[in-house]
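To start, the structure itself, in structure tokens.
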Amino acid sequence: MDVSICLSEHSQIPWYEQLYRYIRTEIESGRISSGTKLPSIRSLADSLRISKTTAETAYQQLLAEGYIESRPRRGYFTMPVETSLAPHDAVGSPVETTSGQSAPTIDIDFHPSRIDSKNFPFALWKSLFNELLNQRDCRMLDYGAVEGEWGLRRELAKYLHYSRGVRCGPEQIVIGNGIQYCIGVIRTLLNEYPMVAAMENPGYHRVRAILEHSGVPIRPIRLDHDGLDIDQLCETDANIVYVTPSHQFPKGMVMPYYKRMLLLRWAQAVNGFIIEDDYDSEFRYGERPIPSLQGLDQRDSVIYIGTFSKAFTPAIRMNYMVLPPPLLARFKSMSQGFDCPVSRIQQNVMEMFITRGFWDRHIRRFRRIYRGKHQDMLHALRMIMEDHVVVSGIGAGLHVALLVRTILTERDLTERAARVGVRIYTGNDTRIGPSNDLPYVYLGFGALERTEMEEGLRRLKNVWFDD
């Protein structure tokens, strides 16, 4: 394909960044489809009349963020937007190594966000779906409220109160179709502020990419053993901070009560906001849950985000956020003329699912399932990896983090894993800037059976430590 962009000589943004932003936007919007071969550095430089260094710098930034990949002796290819976290192609497809040779098919994927689809309540969900459609309620075929269906928001307000201590009414809840939608809405709501966002480092790279794409400066904040370093945060000029306090992504620590109070005091001092992403708080293993930041907040400074992706399925593309009252009126005025991005039918089916008690039953069942898988993973790590790794992030969620005692780099670990058909995820995917620490990887267990975990870990041990 050709890249057609008019680079501005009058902009303060360097040419390489203009080029990087353009290609990134084209990939995110789907105008450049997954798997598309990009021009070589030389041909791109020639066609745009720029230096090869400028073109290569833009490509390197896209590589670092997972938007493209380099295939030896073949060139640069775009990655799927929804799976750019992964360093290689999809499960079941061959992976190419740096030597240009075809590696074994990826058949064991330790993806940190995949769920146990084998136990999904297909029959029940289908039954509720059919029941709703059989009512032939023509109102379901019309546009709904931009905030989402009132009945679902009412049920969510009750659920969040008793499960996470969130204090809100249904009118404060906005239904969305993913973290990108919510962050985009928040960015628009705070558009009149000179936003500077702090983020956990390492942290969730997709949120960082969304904020950077909208022109928000990012201040990376290191992690202590118990989460965000509040002292470093206070030294920055940030007035927004994005955190995952209930199960830090990707390292997995839980932010304690005292640090949550310090974070709330910071927000009060700078007159700022905290974006609390509570992405997998339903699954805890032996630790007493700490109330959400939003529930502890007394000054309306927390924007709470939750999702159905981990506890139910990402396929319905449904999440939600709780807006503090100061932002609620602004949302109502801003959203006139817009529509809720989530199907009214899906929302009403989910309302039925919650109202009739199926949601609580589903959560209890999957807590048992994931607790068992969590124990299987920890047992397999102890038996197979022994003292080669240090395990952290074991209190909650669907993944664990491993500090790997090796002289290999994270790239080496990833490539060796791919050679034996295993996909892993490394700190390089989530880190801002270089690190002098030992390499670490994070392994999901939600979609795997015990035998798959054990087999995958045996393969990793063989190629990481037995060469």
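Rule-based calculations on the coordinates, nothing more; no lab input. Keep in mind that this is a model prediction, so the values were computed, not measured. So basically every Cβ, Gly included, is an ideal-geometry build from the backbone, and we count neighbours across all protein chains shown.
Calculated on the alpha-carbon coordinates, the convex hull of the stretch 1-84 measures out at 91 cubic angstrom per residue. Kindly identify the stretch 361-465 as rounded, prolate or oblate by the Cα gyration tensor criterion: order the square roots of the eigenvalues as a ≥ b ≥ c, call it rounded if a/c is under 1.5, otherwise compare a/b with b/c, prolate if a/b is larger, else oblate. Taking the square roots of the gyration eigenvalues as a ≥ b ≥ c, the stretch 361-465 is prolate. Projecting the Cα positions of PHE465, ALA401, TYR440 onto the charge dipole of the stretch 361-465 (unit charges on Cβ atoms of Lys, Arg, Asp and Glu, taken about the Cα centre) puts ALA401 furthest along the positive direction. Neighbour counts of other Cβ atoms within 10 Å put CYS234, CYS340, CYS138 in the fewest-to-most order CYS138, CYS234, CYS340. Rg and Dmax of the stretch 122-356, based on Cα coordinates, read 18.0, 59 Å. Taking every Cα-Cα distance in the stretch 171-298 and sorting them into 10 Å bins starting at zero, the pair-distance distribution P(r) comes out as 12, 46, 37, 6, 0 percent. The alpha-carbon positions of the stretch 280-400 define a convex hull whose volume is 156 Å³ per residue. Entry note, the chain: the mean residue ellipticity at 222 nm calculated from DSSP H runs of n ≥ 4, each adding -39500 (n - 2.57), is -12000 deg cm²/dmol after division by the residues and rounding to the nearest 500.
Counting every other Cβ atom within 10 Å of each residue's Cβ, ASP231, ASP280 order from fewest to most as ASP231, ASP280.
For the Cα trace of the stretch 229-302, dividing Rg by the Kirkwood Rh returns an Rg/Rh value of 0.95.
For the chain, the extents of the C-alpha atoms along the principal axes are 61, 57, 52 Å, listed from largest to smallest.
When each of SER309, SER333, SER51, SER34 is scored by the number of other beta-carbon atoms lying within 10 Å, the sequence from fewest to most is SER333, SER51, SER34, SER309.
Report the paramagnetic label zone for ALA145: residues of the stretch 155-184 whose backbone N is under 20 Å from a point 7 Å from Cα along the Cα-to-Cβ axis. It comes to 155-162, 166-178, 182, nothing else. Taking amide hydrogens as placed 1.01 Å from N in the peptide plane, the amide H of PHE249 sits under 5 Å from those of THR244, each at least 5 positions away in sequence or on another chain.
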